[in-house]
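One structure below.
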Amino acid sequence: MADERSDKGSAKLVWPPLADDLKRLYLVEKLSASRIASVYGLRYASAKTAESTILYHLKRHGISRRDPVAHLKKVTETMVDDWIDRYRKGESLKQIAADSFSPVTVFNHLHSHGLELRDKIEAQIDAVTKHEKRPFTGDAPEKAYLIGLAIGDLNVTRHGRAIRARLSTTHPRMAQLFRTLFSGHGPIYEYPKPSQLSEFERCLDCDLDSSFEFLLHAEKELDLIFEHDELFLNFLGRFFDAEGTIYYHKKRMGGAFEFSLSNTNEALLRRIAAKLLRLGFSSNLRRARQDKERASARGVKNSGDFIWKLEIWRNENVSKLTKLILSRHSEKVSKIKIAEGLGPRPAKDTRARVLAEWDSLRRSIKQECHDYIELASIEYEKTHGKTERLK
């Protein structure tokens, strides 16, 4: 999208949008959020995402919706046409409804348009067999990586003949990683839902071929993974992407970047620590009280009062290990890149430059997550009405 656009050949529009421009377009010219998205030239895979982006910026600038009630649970003919097309291609009522409408609402609209509806069993079988699903390649390192994902972040269940992988997250980079890993293997459905700690989050579902059945019993694969160094490092890379971080530990005479894994599974962390020691990496394992809100901000689900932490402190060990595990989470990759710039004995100006980059990255990630949650809130409230924060 261009930085500047001309609206009707007159005023120049800039992105992100200015409050005055939005007030003129939305309140004076009475354009819809969807139309404003077109004026700004927003291009997303879904028109709904472009519209929600404008609604987010309206809310951010304190511009009230003209008639909020008129937007709630409004089903348009365009939406129904899309539902009919998706239903004919094999999706179930529940898949089409996602978390935006009830399956009954979808059923009533399809029925009113004279569509012959399948019975429940037929719908489920069609939904998981009609969409093309590319089988798992059988690559052992990739399998170890996905097992780390399943243990760390995914909810994996059977869904008819398919294996359904589900991710709930407040981090857009985590959602991006999920799409990268699974979009080539099956359709991905994404929708917002309320969350206890972050108010809203996004869920992503992907129905996979039966060759991904190993994800259902991921922990049973650990013995083989821990026997082979390459498989272990691939597993650890994904486990780090889900449960790990790089952080700056400030000390009296300076400070250094450290490697950390956090999880409630003490036995698994002890096993990881023992394997790392055999590979030449000493670590410290401790039990710590957990701040649930901070845990949620890191993307941790269902956090308890206490958590176990595995930490590696020595600069050379942190640098060597992060090179071996090859993180694919772009957030973590950016952190590692900055950490590597510090080195073991940095000059004062080098430390100042690296820490400035570090603080900038942290602020950027925080803003990304805030915007991601706000967009989820707007999309959810658009179809469900305003929802009080879950207790």
I'd like the FRET efficiency for Glu142 and Leu279, computed as 1/(1 + (r/R0)^6) with the beta carbon distance as r and R0 of 22 Å, rounded to 0.05.
0.60
Multiply the residue gap between Gln176 and Lys320 by 0.36 nm, knock off their C-alpha separation, and tell me the result in nm, one decimal place.
49.2 nm
Placing unit charges on C-beta atoms (Lys and Arg positive, Asp and Glu negative, everything else neutral), compute the dipole magnitude of the range 221-368 about its Cα centre in debye, rounded to 20.
680
For the range 161-199, which trypsin sites (Lys or Arg not before Pro) pass both filters: DSSP loop (anything but H, G, I, E, B) and at most 14 other C-beta atoms within 10 Å?
Arg161
Long pairs among Lys193/Lys335; Lys250/Lys323; Lys59/Lys332; Lys23/Lys366; Lys250/Lys335; Lys59/Lys366, criterion Cα-Cα beyond 20 Å:
Lys193/Lys335; Lys250/Lys323; Lys59/Lys332; Lys23/Lys366
So if R0 is 35 Å, what FRET efficiency would Arg24 and Gln367 give, r being the distance between their Cβ atoms, rounded to the nearest 0.05?
0.85
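A short reminder: the numbers here are calculations on the coordinates, not readings from a lab. All values reported here derive from a predicted model rather than from experimental measurement. Glycine also receives a Cβ, built like all others from the backbone with ideal geometry; neighbour counts cover every protein chain displayed.
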